[in-house]
Amino acid sequence: MKMMKDKLAATVFPPFARAVPAVFARALPVLVAVAVAVAPAQERQVTTPEGATMQVSDDLAYKPGELTREQLESPVRNLFRQDSMNVFRRFPREQTDAMVKFYTGALALRSLSPIQLTSSQQMLLTGVGSGQVKLSAGQQGDRKYDLSGGYRGGTGIRFFALSYPDEKSVTDAFAAAGFPAPAFSDQGDGTRAALVEDPAGFQIEVVIRPGAKPNADDGVGIGLSVSDLDASRAFYRDFVGLDELPPEEDKLLGVTKHPYRHKETTVYLYQAGDGRGVDTGSAGIQYVVSDAALADAKGKARGVAVETPLNKLGGFDLITVWLNDPDGVTNYFAQVGRPAAKAAPAR
């Protein structure tokens, strides 16, 4: 503070002014305080699990007291701008060609334009209804990658579920892409299902459901194995705000699934296996929201773990915050486009 006072004095009062008038001397601390208040917020850089470099600034967040208790405690779903959630699938870079062939060929997902995150890092996008399966080559950061044991091997997102209208179109697509045909079995509820693996060892539950949209455009199911069912149910029900549906038995997997839905996307919480394996990196969830700063404030109010703090991507109209569920699974909130008007302040 003394250094800033000296510098400001040298600017306001030229060197030839040997004697500073008393009124100016009394005003100097006020001038310094104003200079500090209007000084630009300090920025720092962080790297997301996908390798993108983001700028973190205090100016992005709501200030203490700006939001009401009701605003902080209401679910994040109130901010959703998409009829679905997007999912990430992270994998070793050398598997890229095979992964693209599997997801766009065998699974017949729509291929979308990729996003260039850095000079060497691309996000490959595939369409599922109004949402996306985002293929990210390279396993970044300090996340844990352990898919051993499949859906029973431990905690984390262990499988995706995709539905199709008929079995033949699926087996033909797998054959044309050079992958073994799925072995379907009757599920006793009018559906048939098979469990397959992508080239990097992540499992996909393929469901044949009469009346389903082609190309899995009914949306994606997210199979999430949890260590504490009550804590995870509270997170996805109360914090995220997904619709809690009745439990259902999955005959193919032999587990009880607890569904939490937002329109096209369903998160299936379940417990299976001894939980020794922990995977927090192979897959994650993204929500497109109108106000990432408000999602950040809601998370802070509930004590939700932060992986990557509120940030913006230079050159893009993108503000994000990366939060973790009770098992460390990415819940990534993205505000796309120009910043929305901030929520009305507390009264």
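For the range 41-56, filtered to residues that are at pLDDT below 80 and in contact with a Lys or Arg (Cβ under 7 Å, 6 or more places away or on another chain), the residue that is nearest to G315 (Cα to Cα) is M54.
If only residues of the range 161-208 that are under 16 Å from A98 (Cα atoms) and among the β-branched types (V, I, T) are counted, the one that is surrounded by the fewest Cβ atoms within 10 Å (Cβ to Cβ) is V196.
Scanning the range 300-347 for residues that are assigned to a loop (DSSP other than H, G, I, E, B) and modelled with pLDDT of 90 or more yields G303, V304, D325, P326, D327, G328, V329. Scanning the range 300-316 for residues that are under 15 Å from the mean Cα position of the chain (by Cα) and either within 18 Å of F235 (Cβ to Cβ) or buried (at least 20 other Cβ atoms within 10 Å of the Cβ) (or both) yields V304, A305, V306, E307, T308, L310, N311, K312. Comparison of S148, S136, S84 shows that the only residue that is touching a strand residue (DSSP E or B) at 6+ places or on another chain (Cβ under 8 Å), of a type in the set (S, T, Y) and surrounded by fewer than 18 Cβ atoms within 10 Å (Cβ to Cβ) is S148.
Is there a residue being in contact with a Lys or Arg (Cβ under 7 Å, 6 or more places away or on another chain) and under 20 Å from Q139 (Cα atoms) anywhere in the range 261-278? There is at least one residue in the range 261-278 that is in contact with a Lys or Arg (Cβ under 7 Å, 6 or more places away or on another chain) and under 20 Å from Q139 (Cα atoms). For A297, the stated conditions do not hold, so it cannot be described as assigned by TED's automatic domain parsing to the domain that holds D142, modelled with pLDDT of 95 or more, surrounded by 17 or more Cβ atoms within 10 Å (Cβ to Cβ) and in contact with a Lys or Arg (Cβ under 8 Å, 6 or more places away or on another chain).
For M85, the test of being within 28 Å of L242 (Cβ to Cβ) and modelled with pLDDT under 95 is failed. For the range 237-258, a residue qualifies if it is in contact with an Asp or Glu (Cβ under 8 Å, 6 or more places away or on another chain) and over 23 Å from G149 (Cβ atoms), and exactly one does: R237.
Among the residues of the range 93-116, those identified as within 17 Å of G129 (Cβ to Cβ), without any contact (Cβ under 8 Å) to a residue 60 or more places away in the chain and not in a helix (DSSP H, G or I) are S111, L112. Looking at the range 226-267 only, could you name the residues that are buried (at least 18 other Cβ atoms within 10 Å of the Cβ) and among the β-branched types (V, I, T)? V226, V240, V255, T265, T266, V267, listed by residue number. Counting only strands (runs of 3 or more DSSP E) that sit wholly inside the range 145-209, those with at least 1 residues that are of a type in the set (S, T, N, Q) and modelled with pLDDT of 95 or more are 154-164, 203-208. Kindly establish whether T256 is in contact with a Gly (Cβ under 8 Å, 6 or more places away or on another chain), modelled with pLDDT of 95 or more and either among the β-branched types (V, I, T) or farther than 24 Å from E167 by Cα (or both). In short, no.
The values are calculated or read from the model by the stated rules, or taken from the named source; none is laboratory data. If you're wondering where the values come from, they're calculated on a predicted model, not measured in any experiment. Note that each Cβ is placed from the backbone with ideal geometry, even for glycine, and that neighbours are counted across all protein chains shown.
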